[in-house]
């Protein structure tokens, strides 16, 4: 089969497996490494040390280090958009979980289908071929390859944007040591003068484009990074801007004109929201997390992307959201969190209680200060007892 016919057949089969759109990229060395290294040198990747490991950086630059003899990359997109439930995100008593994390883990869903595609390709050609499947799990610049495969451009929000579908899609890769006709790369920047995402980012993580036209993000200020990848205390100045976002953030996609106009709900059943992750009441979510051990958390959230935050990370985020809500209704569960085994949870519970105008909250903080041994928690309690609270809670 010649490269052109093979490309057409692979795209057709990938479509039958539920992917769309699909493109083919060549396996040339990355053209973005100078930008990537500069981003790492500035420390804009935060605590994600795995992004800066020399071996991983080298693999991102050259796909041959991942699959020797690689000649082509099949790039697939899997759409995951779901509508928000009624009242979300405007109801501060409910937590907002990023759309991609409300259903099953996309890594598992896409991997099965990409492995099926690889098996099909191997059965269609008359020579032995090697392939590797990657879904956001290896040191590869997926979005660059997707752009080179013609699937879209890098928006000012750093997302890959398809001009007819928006940006709510996962990217999966199939590396092959087989020559396939590549697509023309997507070279246009269709953001134009629009700055909707820059203006909407509540923490100022999006910094526009650099002198080379590449979008720039400070990951250390991004709500997605803070609620998922960051393991320590949320910087105090960034807690209030987080609002009720407890896992990830879709704001820069929600305001994008392309996503607003073209996004349609995914037909993949695995991405359908689970009720407990679809705008859950903050108090109920906090109570559930407090009732779980670390092992219990891993069992309860098995197969969910939310697992990545860990019990204490997710509970930390929920405490911040409860503090931003500022309602006395959150005080009992925050008082319970003030006794949690994890200092990280106790510290953020103390911060939240300090924002609620409640005698019960003040008494709980004062009592805890008498027995608390962790220095950071004591600092948060002292700050909470001396801080100015919002004028009134929201009930």
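Looking only at region 176-195, filter to residues that are out of contact with any helix residue (DSSP H, G or I) (no Cβ under 7 Å at 6 or more places or on another chain) and under 28 Å from residue 226 (Cα atoms); which one of those is surrounded by the fewest Cβ atoms within 10 Å (Cβ to Cβ)? Checked region 176-195; the qualifying residue surrounded by the fewest Cβ atoms within 10 Å (Cβ to Cβ) is 195. Restrict the check to region 106-126 and report whether at least one residue is in contact with a strand residue (DSSP E or B) (Cβ under 8 Å, 6 or more places away or on another chain) and either assigned by TED's automatic domain parsing to the domain that holds residue 327 or assigned to a loop (DSSP other than H, G, I, E, B) (or both). No, that holds for no residue. Scanning region 269-281 turns up no residue that is modelled with pLDDT of 95 or more, over 15 Å from residue 100 (Cα atoms), crowded, with 16+ Cβ neighbours inside 10 Å and touching a helix residue (DSSP H, G or I) at 6+ places or on another chain (Cβ under 8 Å).
Please work out which residue is surrounded by the most Cβ atoms within 10 Å (Cβ to Cβ), limiting yourself to region 25-82 and to residues that are part of a loop (DSSP other than H, G, I, E, B) and in contact with a strand residue (DSSP E or B) (Cβ under 9 Å, 6 or more places away or on another chain). For region 25-82, the residue satisfying everything is 80. Taking region 79-122 as the range and being without any contact (Cβ under 8 Å) to a residue 12 or more places away in the chain and within 29 Å of residue 15 (Cα to Cα) as the test, the residues that pass are 112, 119, 122.
Of the helices (runs of 4 or more DSSP H) contained entirely in region 233-304, those carrying at least 1 residues that are in contact with a strand residue (DSSP E or B) (Cβ under 9 Å, 6 or more places away or on another chain) fall at 251-254, 257-262, 282-290. Taking residue 21 as the residue in question, decide whether it is closer than 30 Å to residue 323 by Cβ and surrounded by 14 or more Cβ atoms within 10 Å (Cβ to Cβ). Against the criterion (closer than 30 Å to residue 323 by Cβ and surrounded by 14 or more Cβ atoms within 10 Å (Cβ to Cβ)), residue 21 does not qualify.
Residue count for region 128-167 satisfying the condition of being assigned to a loop (DSSP other than H, G, I, E, B) and touching a residue at least 40 places away in the same chain (Cβ under 8 Å): 18.
Criterion applied to 69, 43 was being modelled with pLDDT of 95 or more, at positive phi and in the same structural domain as residue 119 (by TED's automatic domain parsing), and the one residue passing it is 69. The set of residues in region 214-223 being part of a helix (DSSP H, G or I) and either in the same structural domain as residue 376 (by TED's automatic domain parsing) or at pLDDT 95 or above (or both) consists of 221, 223.
Considering each residue of region 9-22 in turn, at least one proves to be without any contact (Cβ under 8 Å) to a residue 12 or more places away in the chain and in contact with a strand residue (DSSP E or B) (Cβ under 8 Å, 6 or more places away or on another chain). Please state which one of 151, 174, 206 is within 30 Å of residue 308 (Cβ to Cβ), in the same structural domain as residue 268 (by TED's automatic domain parsing) and more than 21 Å from the chain's Cα centre (by Cα). From the options 151, 174, 206, the qualifying one is 174.
When we screen 304, 349 for residues that are surrounded by 14 or more Cβ atoms within 10 Å (Cβ to Cβ) and either more than 21 Å from the chain's Cα centre (by Cα) or under 22 Å from residue 90 (Cα atoms) (or both), the only hit is 349.
Applying the set (1) out of contact with any helix residue (DSSP H, G or I) (no Cβ under 7 Å at 6 or more places or on another chain); (2) crowded, with 17+ Cβ neighbours inside 10 Å; (3) outside any helix (DSSP H, G or I) to residue 340 leaves exactly one unmet item: (1).
Got a sec? Which of 226, 173 is more than 30 Å from residue 123 (Cβ to Cβ), outside any loop (DSSP other than H, G, I, E, B) and in contact with a helix residue (DSSP H, G or I) (Cβ under 8 Å, 6 or more places away or on another chain)?
226
Against the conditions (1) modelled with pLDDT under 95; (2) surrounded by 12 or more Cβ atoms within 10 Å (Cβ to Cβ); (3) out of contact with any helix residue (DSSP H, G or I) (no Cβ under 6 Å at 6 or more places or on another chain), where does residue 207 fall short? Just the number, please. Checking residue 207 against (1) modelled with pLDDT under 95; (2) surrounded by 12 or more Cβ atoms within 10 Å (Cβ to Cβ); (3) out of contact with any helix residue (DSSP H, G or I) (no Cβ under 6 Å at 6 or more places or on another chain), the one that fails is (1). Taking the criterion of being in contact (Cβ under 8 Å) with a residue 12 or more places away in the chain and more than 17 Å from the chain's Cα centre (by Cα), the residues of region 216-240 that qualify are 232, 233, 236, 238, 239, 240. None of 188, 181, 211 is under 30 Å from residue 122 (Cα atoms) and either in a loop (DSSP other than H, G, I, E, B) or not assigned by TED's automatic domain parsing to the domain that holds residue 355 (or both) except 181.
Somewhere in region 111-125, is a residue under 20 Å from the mean Cα position of the chain (by Cα) and modelled with pLDDT of 95 or more?
Of the residues in region 111-125, the ones under 20 Å from the mean Cα position of the chain (by Cα) are 111.
Still in the list and also modelled with pLDDT of 95 or more: 111.
Scanning region 111-125, I find at least one residue that is under 20 Å from the mean Cα position of the chain (by Cα) and modelled with pLDDT of 95 or more, so the answer is yes.
The values are calculated or read from the model by the stated rules, or taken from the named source; none is laboratory data. These figures come from a predicted structure and were not determined experimentally. In this analysis, Cβ positions are derived from the backbone assuming ideal geometry, glycine residues included, and neighbour counts consider all displayed protein chains.
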